[in-house]
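Here the structure is laid out as structure tokens; the discussion comes afterwards.
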Amino acid sequence: MRHRDSILVAAFLASICCISVSAQSKFTVGTASAAPGQKATGYLEVPEGVDAATSIPVVVVNGAKPGRVLALVTGAHGTEYVSIIAIEKLIDALDPAQVTGIVILVPLINIQSFEQKVPHVNPIDNKSMNRFYPGKADGTQTERASFLITKEIVDRCDYLIDYHGGDLDESLRPYAYWGPTGREAQDRTSKEMVLAFGLDHIIIWRERPTDPAATRYLDNTASVRGKPSIVVEAGQAGTVESDDLALLVNGTLSTMRALKMLPGDPHPIENPVWIEKLVDVLADGPGIWYPLVKRGTYVSAGMKLGVITDYTGKLIAEPRAPVSAVVLHLNAVPSLKKGDNIADLGVVAPHAP
């Protein structure tokens, strides 16, 4: 009887062990739960608070081989369409059988912005959904969503890519951000990521918050917590062009190869233009904007960027470039109000970092 009992106990313990290993092998984000070799969809449920609840779609691709966790997040600004569609394409393209590690994909954070076609902000609370990280559990919807993304995604990933692009009123040429932290190993990995992504203009983003309680931006929240992260931007003025889409999709796959999460070799950019400083040109007041330069144009200091008239056609301003730089994006529509960004200029670094 004792021998029989010991066999039963051993079998019972083995079954518990198997259940435990099986449970640990699953990866769950929100309501999306995938075992190795599986892809699962679900939602991050942001609870009701001082304003309405919201549900943020999320996909987990759990690779057949174990490895690190990569987060791909977009749609903080719901009318930056190319980045949103690029993640939709990647959801379909990523085959768990080919993936080493785990990929978390968030295709659209700002649902109301997307549905109502409101640029820049979440119309529920009029806040940018990439300015309030790490968020607050008892804040407005944007802050509660940021809190949940920090907890469920940032704190659980090893690498992060944040996707953006030209909003409805922005004519943007593609570029990336790389934010060095001073941590050698982390910076080496994030630099490898941004080069592997392949965008040919890279902004060196040094002036960023360092307080973990007030990191503001999604990628910066990851960086401060020791996770290599980059920002990539493509697409402009409400369009979804195939060339812009290919930059983001192919760049992601190349970066995953560099991180050894997909088979094959990455295709890094060899001689990107490094941008050491950003200069905003802002509107002094309302008017009608007539640009004289295009996105990607190189301008010299003092060069006229365009003209602004009042509503009867009277000339009221001739904004000029305060520095010699490349036009990374400029206002894409005639409408201007005081404080609007007329142009975003990138000053080229004298040498690569």
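The values are calculated or read from the model by the stated rules, or taken from the named source; none is laboratory data. Just so it is clear, the structure is predicted and the values come from calculations on it, not from any experiment. Positions of Cβ are backbone-derived with ideal geometry, glycine not excepted, and every protein chain shown enters the neighbour counts.
General remarks:
- Checked against (1) free of Cβ contacts under 8 Å to residues at least 60 places away in the same chain; (2) in contact with a Lys or Arg (Cβ under 6 Å, 6 or more places away or on another chain), R173 passes all but a single condition, namely (1).
- Which listed residue is part of a helix (DSSP H, G or I) and either touching a Phe, Trp or Tyr at 6+ places or on another chain (Cβ under 8 Å) or not β-branched (V, I, T) (or both), from L195, L168: L195
- Between A352, A325, A321, A343, the distinction of being over 20 Å from E170 (Cα atoms) and among the hydrophobic types (A, V, I, L, M, F, W, C) belongs to A352 only.
- Restricting T252, T312 to residues that are of a type in the set (V, I, T) and within 30 Å of Q186 (Cβ to Cβ) narrows the list to T252.
- So K260, is it over 21 Å from V103 (Cα atoms) and either in contact (Cβ under 8 Å) with a residue 60 or more places away in the chain or not assigned by TED's automatic domain parsing to the domain that holds V69 (or both): no
- Within the range 265-294, restricting attention to residues that are farther than 27 Å from L199 by Cβ and assigned to a loop (DSSP other than H, G, I, E, B), the residue that is nearest to the chain's Cα centre (by Cα) is A283.
- Conditions (1) closer than 24 Å to P96 by Cα; (2) surrounded by 19 or more Cβ atoms within 10 Å (Cβ to Cβ); (3) not β-branched (V, I, T); number of the one not met by D265: (2)
- Selection of the range 90-118 for residues being touching a residue at least 40 places away in the same chain (Cβ under 8 Å), crowded, with 16+ Cβ neighbours inside 10 Å, not β-branched (V, I, T) and not in a loop (DSSP other than H, G, I, E, B) yields L90, G101, L105, Q112.
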